[in-house]
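The values are calculated or read from the model by the stated rules, or taken from the named source; none is laboratory data. The structure presented is a predicted model; accordingly, all values stated were derived computationally and were not measured. When we count neighbours, we look across all protein chains shown, and the Cβ atoms used for this are built from the backbone with ideal geometry, even at glycine.
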Amino acid sequence: MSAVRSLPIRLAPIAGEALDSWLEALAHRNATAFGDLLAAVGLNPYHGMATNGWIVALAPEQESTISAATDVSPGVLTTMTLAHYAGRAVNIHPETPTLKRAFPWGNANGSRYCTACLMDTGGRWQLSWRLGWSFACTEHHRLLVDTCPRCGAVPRRRTHVGDLIPNIGCCARPAHQATGRIPARCDADLTAADAAVLGPDHPAIRAQHIVNTILEHPTAVIGVYRHTPQPRINVLADIRAIAGRALSYGTSQDLATIVPADLLAAYHEARSLRRASGHRLYRRIHRQPRLHHDRRVAHHVPDRSGPTPTPNTAAAACRTNRGSRHHPIRDRGTGMVPGRPVDARSAGRLPRQVGAAARTGPARPHRGPW
Ligand SMILES: [Zn+2]
Ligand SMILES: [Zn+2]
């Protein structure tokens, strides 16, 4: 039975908040090191920080102890883990629990964030920002940001370090070249990151609305699926397949006819930054002795002293092909194959719904999510 006690200071989760964000806010409010807070609510800090398992799903006994310490119901706690999106936007191995990689664009690497939302809430993070299908904030009409404006690291790839009090709303990754058992944090103010602001009628914002609608219903009855409704998973797979091919086979001129100039510019800048950081990372890794993979990445993030680069979510909004191992047309270089036609064999591998969509075409091709 649980031996946890009620926390001296409680804090209610905000709507849509991720469990890790709320626990960090609790630690901050109680002026307690994060590892001590985890232990106080019945989570094993070392196990939790090693696996991130409780961010994906809570075991019943974990729900029970957290609820006893915070007076938040187990039902609410479940909605704060990725299990809330199980079968809708992610698939989960129930035994581990970990995310299955098979779900199309299921989970982002770490968490994206909306700078305005962080500002409004005092640094609280939405659970949906962890989904690969989240690329824009429909409330503030701006692209989500992928990285820290100072160190370039992707936020929340690992659980917050246990020995420090979280400074919510700030980058918790180790500072560049910081050393020691508890290296200094980057601590950049993430609300100051440069996010692309779009209008409410911008195609990327409309696309996010459509994706959200698809995620909320088991069957899609929109667009080309209005007359032949399809299960949600099929529609998401279609979007991924079509978008991957559009970006792989379309020339810059092709894309410029259907993608707004601001989004396309953000996409190209994000691609070039990713290639540059990738080359730099490769060189640094091969000069270093072997370390834990995550640690290598953490120490070799791109060195950017200027403002936040255009967010990689531009690529998500454009729906870049992220290089699925099983994708027949991987985008390895520029992502552009000028003038290259889709041959009959690759077209033959398209899912049935994709073929139907390609034949039918959207009613308003320039206003669709792609
Ligand atoms: Zn927002
Ligand atoms: Zn940082």
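Out of 138, 191, 179, 147, report the one residue that is modelled with pLDDT of 95 or more, more than 23 Å from residue 81 (Cβ to Cβ), hydroxyl-bearing (Ser, Thr, Tyr) and out of contact with any Lys or Arg (no Cβ under 6 Å at 6 or more places or on another chain). Working first, answer last.
On the way: 138 fails: more than 23 Å from residue 81 (Cβ to Cβ); 179 fails: modelled with pLDDT of 95 or more; 147 fails: modelled with pLDDT of 95 or more.
The match here is 191.
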(message) Would you confirm whether or not the stretch 156-165 contains a residue that is more than 16 Å from ligand 1 (Cβ to nearest atom), at pLDDT 95 or above and part of a loop (DSSP other than H, G, I, E, B)?
(response) yes
(message) Being touching a residue at least 24 places away in the same chain (Cβ under 8 Å) and in contact with a Cys (Cβ under 7 Å, 6 or more places away or on another chain) is the requirement here; does residue 188 meet it?
(response) yes
(message) Just to check your reading of the model, which residue among 65, 81 is over 26 Å from residue 232 (Cβ atoms), of a type in the set (Val, Ile, Thr) and away from ligand 2 (no atom under 16 Å from the Cβ)?
(response) 65
(request) May I ask you to say which residue of 270, 243 is closer than 21 Å to residue 197 by Cα, crowded, with 16+ Cβ neighbours inside 10 Å and not assigned by TED's automatic domain parsing to the domain that holds residue 85? (result) 270
(message) Could you go through the stretch 209-221 and let me know if any residue there is out of contact with any Asp or Glu (no Cβ under 9 Å at 6 or more places or on another chain) and at pLDDT below 90.
(response) no
(message) Which numbered condition in (1) under 30 Å from residue 28 (Cβ atoms); (2) at pLDDT below 90 is the only one that residue 250 fails?
(response) (1)
(request) List the number of the failed condition for residue 146; all other conditions in (1) surrounded by 24 or more Cβ atoms within 10 Å (Cβ to Cβ); (2) within 16 Å of ligand 1 (Cβ to nearest atom); (3) on the phi > 0 side of the Ramachandran plot hold. (result) (3)
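Search the stretch 217-240 for residues being part of a helix (DSSP H, G or I) and basic (Lys, Arg), and hand back the single one that is surrounded by the fewest Cβ atoms within 10 Å (Cβ to Cβ).
So in the stretch 217-240, the residues part of a helix (DSSP H, G or I) come out as 223-225, 232-240.
Going one step further and asking which of them are basic (Lys, Arg), we end up with 232, 240.
On the way: 232: 18, 240: 21.
Across the stretch 217-240, the extreme among qualifying residues is 232.
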(request) Could you tell me whether any residue of the stretch 173-196 is within 21 Å of residue 17 (Cβ to Cβ), buried (at least 23 other Cβ atoms within 10 Å of the Cβ) and away from ligand 1 (no atom under 14 Å from the Cβ)? (result) yes
